[in-house]
Amino acid sequence: MGKRDAEMVSKLVSLQEAASLVEDGQMIALGGKSLSRTPSSFARELVRQGRRGLRLIKTVGAYDIDLLCAARATSEVQSGCMDYENVFGMAPSYRHGVESGAVRVVEHVCDSIIAGLRASSYGLPSQPINVLQGPDTPALSDFRETEDPYTGKKVLMIPRIRPDWGVVHVQHADVEGNARIDGGPFEDVLISRASEGLIITAERIVETAFFKNKPERTNIPAFMTRAVVHAPGGAAPASCYPTYDMDVDAIATFL
């Protein structure tokens, strides 16, 4: 065993062990977007372990949040959009949870979710945005205006969003927690910087040399990662480019 191997710290755990890190009532930022690269296997494991009161963060949610609402694992959702795109329409379990009062909604647009996560990643209490002029969303979600010190104009401030855990599904990771995303990264890189702890589920576990060949392609460095799970097919029934497309029949059966 070489010196490098001796110094290597493996963060590879089972799906069950990773999900057990999440406690009832914690705030979880879920990676992927809509029906693309969703941490679906992790969401299912949270359901199996009987989590309750989870507060979920995502710019555009679908199967993952809908599943956790169906299982009554969710108490709050902060999301810019919640639907199954133009294939299946709205998320029925999420809608039922909201209408019944079981799920509290903090209304957002995608930009305000991103602004809240950015504030956390920058170590700031809030972040200004130049959207949401006109609708009732700022008042409903307690987003507050302040005066820009340079121009005197009013700007809308979004409070920081600091998840207890970020959970992202990637195509490639090593046992130390380095990760590479093929295709659009969505908000996953931002989630890794904004969260207290990061859990990665991965289609493939690769040698660290895989990242050394193209270090600029490493989206998430190992020091940001708390746990790594080998989860082939872990985004299904959502897609994971370029390995598999979304499973329309499985989603239809779930709905």
Separation between Cα centres of region 24-39 and region 193-255, rounded to whole Å
12
Show me, for region 102-113, the HN-Hα J-couplings you get by feeding each phi into the Karplus relation (A = 6.51, B = -1.76, C = 1.60, θ = phi - 60°), rounded to Hz, glycine and proline as x.
6, 10, 8, 10, 9, 5, 9, 10, 4, 4, 6, 4
Taking loop as defined by DSSP and a crowding limit of 16 other beta carbons within 10 Å, which chymotrypsin sites (Phe, Trp or Tyr not before Pro) in region 145-223 fit?
Tyr150
Just Glu196, Glu145, Glu187 to compare: in a GNM of the chain, with alpha carbon springs under 10 Å, which one fluctuates most?
Glu145
With all protein chains present, calculate the accessible area of Met90 using a 1.4 Å probe and round the result to the nearest 10 Å².
110
If I model a spin label at Phe254 and Glu17 as a point 7 Å from the Cα along the Cα→Cβ vector, what separation in nanometres do I get?
2.7
Within the chain, how many Lys pairs sit with Cα atoms under 30 Å apart, leaving out pairs fewer than 8 places apart on the same chain?
13
Rounded to the nearest 500, what is the 222 nm mean residue ellipticity of the chain from helices alone, with -39500 (n - 2.57) per DSSP H run of 4+ residues and division by all residues?
-7500 deg cm²/dmol
Cα gyration tensor of region 13-54, axes a ≥ b ≥ c as square roots of the eigenvalues: rounded (a/c below 1.5), prolate (a/b > b/c) or oblate?
oblate
Which of these, Pro135, Pro163, Pro237, has the largest mean-square fluctuation under a Gaussian network model of the chain (Cα springs below 10 Å)?
Pro135
Around Leu54, which amide H atoms from residues at least 5 apart in sequence, or from another chain, sit under 5 Å from its own amide H, with H modelled in the peptide plane?
Gly25, Thr74, Ser75
Once you sort the root eigenvalues of the Cα gyration tensor of region 1-138 as a ≥ b ≥ c, which label holds: rounded (a/c under 1.5), prolate (a/b larger than b/c) or oblate (the other case)?
oblate
In order over region 220-225: 3J(HN,Hα) from phi, Karplus 6.51/-1.76/1.60, θ = phi - 60°, whole Hz, x for each Gly or Pro, gives 10, x, 4, 5, 8, 9
Taking Rh as the Kirkwood radius computed over C-alpha pairs, what is the Stokes-Einstein D of region 91-165 at 20 °C in a medium of viscosity 1.002 mPa s, expressed in µm² per second?
157
Report the GluC sites (Glu not before Pro) located in region 201-237 that are in a DSSP loop and have at most 16 other Cβ atoms inside 10 Å of their Cβ, or state none.
Glu207
Using the crude model of +1 on Lys and Arg Cβ and -1 on Asp and Glu Cβ, and no other charge, please compute the dipole size for the chain relative to its Cα centre, in debye to 20.
460
Measure off 7 Å from each Cα along the Cα-to-Cβ vector at Met157 and Asp142, then give the distance between these two points in nanometres to one decimal.
1.4
With the dipole of region 158-255 worked out from charges on the C-beta (+1 for Lys and Arg, -1 for Asp and Glu) around the Cα centre, which of Ala238, Ser192, Ala252 lies farthest toward the positive end?
Ser192
Where does the longest stretch of the chain lie that holds no trypsin sites (Lys or Arg not before Pro) found in a DSSP loop with 15 or fewer other Cβ atoms within 10 Å?
154-255
Of Asn130, Asn219, Asn178, which has the largest mean-square fluctuation in a 10 Å C-alpha GNM of the chain?
Asn130
Roughly what % antiparallel, to the nearest 5, for the DSSP beta bridges in region 52-132?
10
Counting sequence-distant residues (5 or more places) and residues on other chains, those with an amide H built under 5 Å from that of Gly32 are His169, Glu187, Asp188
At a threshold of 8 angstrom on Cα-Cα distance, excluding pairs fewer than six apart, so keeping six or more, what relative contact order does region 68-219 reach in percent?
19
Quick one: Karplus J couplings for region 192-205, per residue in order, coefficients 6.51, -1.76, 1.60, θ = phi - 60°, nearest Hz, x for Gly and Pro?
5, 8, 8, 8, 5, x, 10, 10, 10, 10, 9, 5, 10, 9
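The values are calculated or read from the model by the stated rules, or taken from the named source; none is laboratory data. Treat the numbers as computed from the prediction; the structure is a model and nothing was measured. For neighbour counting, all protein chains shown are included, and Cβ atoms are generated from backbone atoms with ideal geometry for every residue, glycine included. Quick note on the areas: whole protein, heavy atoms, side chains included, nothing else; ligands and nucleic acids left out. Shrake-Rupley method; radii C 1.70, N 1.55, O 1.52, S 1.80 Å.
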